[in-house]
Amino acid sequence: MVWRVLLTVVVVIGSAFGAFYAWAWNSEIPPTNAPATLFDPGIVAKGAQLAAVGNCGICHTQAGAKPYAGGFPVQTPFGTIYGTNITPDPDTGIGSWSETAFRRALHEGVDRTGNHLYPAFPYDHFTHATDSDIGALYAFLMTREPVAKANRAPAVPFPLNVRLFAAGWKLLFLHKGQIPPDASKSAEWNRGAYLAESLGHCGACHTPRNVLGGEKRDGQFAGGQSEGWLAPALNAASPAPVSWTAEQVYAYLRNGFAKQHGLAAGPMQPVVRNLKKASDADLRAIATYVASFAGLQNDADREQETQKALDFARSRDSKVPMPPSGAITTSTRADAKPGRTNNDSAAPSGAVIFVGACASCHHSGGELPVSRPIELGLSTPVNAPDPAALLRIVLDGIHPSSGERGPIMPGFSRALTDPQITALVSHVRSQFSRQPAWPNIAAALTKVRQNKEPATEAP
Amino acid sequence: MTVLNVNGQQHRIDVDPRTPLLYVLRNELKLNAAKFGCGLGQCGACTVLVDHEPVFSCILPISVLEGRYIRTVEGLGSEGRPGPVQSAFIEEQAAQCGYCIPGMMMRAQGLLEHNASPSDAQIRDAMAPNLCRCGTQMRILRAVRRAAKAMMADAGTIQETAK
Ligand code: FES
Ligand code: FES
């Protein structure tokens, strides 16, 4: 009897696995040689715009190396996966992939030879892309310069390195098919929904993930993580003190800067750089869609809340004393007599550091020869639920990508000690935000210091 | 009262602790090598070393510098006995107006203390925060390479004599 039960269990498990294996098995698609001259330039141009929306270049380009030749380390909680070579090199790139094989990769997360791809390649979004858009992307990539550069094996520990795991992941999180249009919304909104949810894959960073790394379906745009940065919530939970409008999202995506919000930093900076090639109409559509998730949709409410946020930000800003100018006369020389002690200097408070280190740019008085940053009271990192993004900015500063113009903020990672940075960040929070104090800035700082950001270089 | 260690000397300074170091160096201590360029941490003319790290002294209040080791060009050598970085800049004639040069020298010194034989890419990377509006960059790069060689050679002789 016992044997019978055992046998049944073994048979059931065995056939379940067999069925899963059969389902998960994909055949190789034979190699092809697609001559670049066959592509219509109009389609290639459309593909270029879609590649910009999809930001393919970021994960598929290593800093300082040729575009699309792979090698960028994508850090996930499950290990590091390196973007692959998607240039048309036949041996190391996708030169031998037919359009059918390329489409299967985007729609199903399977490479030409039939291997399951890791979901760091966001096929859970790309699966919604239309065949004609994928065809245009294919035309664009196949007309890039072929680069011979071998792919780097993913650094993923056992057992996750068994590719069949990716098949299991798909069973749970890959929801194939087109995005159904919403008839109650405008054509622009629907276009934006399509772009944002498919190639744009905004949710890959801005939607929280569950323990298995799948996007939480009930938490769309509720905020996530990317390369050690906070990817802020885009829905009602957004930490931005001013509720985003479509116009502001558009400005942010187009120029990397939106008044009342600030500038694109961290992993969003290369996204904006890539989006330069995207069409205006597509960016406006994405902006319309994304802004429709923002907390305040009613104009009157929005205006009222915005005014409150602005008033608060300005009131706090004007309380920041001017940093001392060059004319300091109240000094004694190096041979100063002891006794005229100023106790502030014993343990510098965050406020003291702020005036000497930050206020020359981050205060509202006087004129700056360069563009003035937004009031800190309006800043998303300052108002975020945790201090990671603000700490990252204080440590590394903000720098335009190499060869580009853009705002600069110097980093303080070596100039200030950890207790000094902790004091400064705690002061900035209490001075410029109506949110509660962050509980453990020192621990967060240690974590941020350990988590070095990989360099990005997009084509 | 703030006690600052500049070029190995202790100074007791009685100014507002929020004052950026640059003003104290120039106005109080009369160490005029570090220059005021922008006052915003954007140009590097004011670069000095704090605990061997190049920093912008125009945006560093003295209150955060107690107990830390500050160095300026005056600490690299003197007119009669220039240090290796200073000599290299002189030999390469790496200056037009010269305004950016003290900052450049301190940033180069900081680099060479961490990395005795930097590659060209590493030199460019390390020097990038410092701007030169005269266009002296090529000479500055040569001077940094020369200083690296000189410092390596010095280290070699010291090792030889130690044997
Ligand atoms: S003066 Fe300090 S960086 Fe320009
Ligand atoms: S030599 Fe004039 S700014 Fe560099």
Original post:
Under 5 Å between amide H atoms, partner at least 5 residues away or on a different chain: which partners does A:Q225 have, H built in plane at 1.01 Å?
Top reply: A:A231
Original post:
Which of A:W23, A:W169, A:W244 comes first, and how do the rest follow, when ranked by fewest Cβ neighbours within 10 Å?
Top reply: A:W23, A:W169, A:W244
Original post:
Tell me, what HN-Hα J-couplings in whole Hz come from the Karplus equation 6.51 cos²θ - 1.76 cosθ + 1.60 at θ = phi - 60° for each residue of region A:144-157, using x for Gly and Pro?
Top reply: 7, 5, x, 10, 7, 8, 5, 6, 9, 5, x, 9, 10, x
Original post:
How far is the Cα center of region A:368-407 from the Cα center of region B:54-119, in Å?
Top reply: 28 Å
Original post:
Helix A:187-197 versus the longest principal axis of chain A: what angle, 0 to 90°, nearest 10, using Cα atoms?
Top reply: 80 degrees
Original post:
How far, in nm, would the chain grow between A:S184 and A:A22 when pulled straight, counting 0.36 nm per residue and subtracting the alpha carbon separation?
Top reply: 54.2 nm
Subject >> Amide hydrogen neighbours beyond the local backbone of A:G79, cut-off 5 Å, H modeled >> reply: none
Subject >> Cα-centre dipole for region A:29-173 with unit charges at Cβ (Lys and Arg positive, Asp and Glu negative), debye to 20 >> reply: 280 debye
Original post:
Which ³J(HN,Hα) values, rounded to whole Hz and listed in residue order, are derived for region A:51-67 from phi using the Karplus coefficients 6.51, -1.76 and 1.60 in 6.51 cos²θ - 1.76 cosθ + 1.60 with θ = phi - 60°, glycine and proline given as x?
Top reply: 5, 5, 4, x, 6, 4, x, 5, 6, 9, 9, 8, 3, x, 9, 5, x
Original post:
At a Förster radius of 30 Å, what calculated FRET efficiency corresponds to the Cβ-Cβ distance of B:K30 and B:H52, to the nearest 0.05?
Top reply: 0.80
**OP:** Provide the net charge surrounding B:L49, with neighbours chosen by a C-beta distance below 13 Å and charges set as Lys +1, Arg +1, Asp -1, Glu -1.
**Re:** 0
**OP:** Please turn the phi angles of region B:124-129 into ³J(HN,Hα) values with the Karplus equation 6.51 cos²θ - 1.76 cosθ + 1.60 (θ = phi - 60°), one per residue in order, whole Hz, x for glycine and proline.
**Re:** 4, 4, 5, 7, 3, x
Subject >> Degrees separating the helix A:2-24 axis from the principal Cα axis of chain A, which is the longest one >> reply: 80 degrees
Original post:
Ranking A:V74, B:V64 by Cβ neighbours within 10 Å, fewest first, what do you get?
Top reply: A:V74, B:V64
Original post:
Amide H of A:V110: which non-local residues (sequence gap of 5 or more, or other chain) have their own amide H closer than 5 Å, using H built in the peptide plane?
Top reply: A:A105, A:L117
Original post:
Do you know the relative contact order of chain B, to the nearest whole percent, from alpha carbon pairs under 8 angstrom that are 6+ apart?
Top reply: 23 percent
**OP:** Restricting things to alpha carbons, tell me how big region A:164-231 is in terms of Rg and Dmax, in Å.
**Re:** 13.6, 41
Subject >> chain A, relative contact order [Cα under 8 Å, separation at least 6], % >> reply: 15 percent
**OP:** Restricting things to alpha carbons, tell me how big region A:29-173 is in terms of Rg and Dmax, in Å.
**Re:** 14.6, 45
Original post:
Where does the protein assembly as shown land on the Kirkwood hydrodynamic radius, alpha-carbon pairs, in angstrom?
Top reply: 27.6 Å
Subject >> Difference of contour (0.36 nm per residue) and Cα-Cα distance, A:D280 to A:E303 >> reply: 5.6 nm
Original post:
To the nearest 0.05, how large is the calculated FRET efficiency for B:A128 and A:K447 if R₀ is 22 Å and r is the Cβ-Cβ distance?
Top reply: 0.20
Original post:
Taking the Cα centre of the protein assembly as shown as the origin, how large is its charge dipole in debye, to the nearest 20, when only Lys and Arg (+1) and Asp and Glu (-1) carry charge on their Cβ atoms?
Top reply: 780 debye
**OP:** For helix A:164-173, report the angle its Cα long axis makes with the longest principal axis of the Cα atoms of chain A; keep it between 0 and 90° and round to the nearest 10°.
**Re:** 70 degrees
Original post:
What list of whole percents do you get for P(r) of region B:41-86, with Cα-Cα distances grouped in 10 Å bins up to the one holding the largest distance?
Top reply: 26, 48, 24, 2
Original post:
Taking only the alpha-carbon positions of chain B and ignoring solvent, what does the Debye formula give for the base-10 log of I(q)/I(0) at q = 0.11, 0.15, 0.17, 0.18 Å⁻¹?
Top reply: -0.43, -0.79, -0.98, -1.08
Original post:
Can you pull the mean other chain C-beta count within 10 Å for peptide A:351-358?
Top reply: 6
**OP:** May I ask for the Kirkwood hydrodynamic radius of region A:148-287, worked out over all distinct Cα pairs and given in angstroms to one decimal?
**Re:** 17.1 Å
Subject >> Greater than 30 Å apart at Cα, pairs in A:K149/A:K216; A:K259/B:K35; A:K447/B:K35; A:K447/B:K149; A:K46/A:K176 >> reply: A:K149/A:K216; A:K259/B:K35; A:K447/B:K35; A:K447/B:K149
Original post:
Counting Lys and Arg as +1 and Asp and Glu as -1, each charge on the Cβ, what is the dipole of region B:42-163 about the Cα centre in debye, to the nearest 20?
Top reply: 300 debye
Original post:
What residue among A:S364, A:C202, A:A423 has its Cα farthest toward the positive end of the dipole of chain A, where the charges are +1 on Lys, Arg and -1 on Asp, Glu, each on the Cβ?
Top reply: A:A423
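Values quoted throughout were computed directly from the atomic coordinates according to the rules given, and no laboratory measurement underlies them. From a predicted model like this one, the values you see are computed outputs, not experimental measurements. For neighbour counting, all protein chains shown are included, and Cβ atoms are generated from backbone atoms with ideal geometry for every residue, glycine included.
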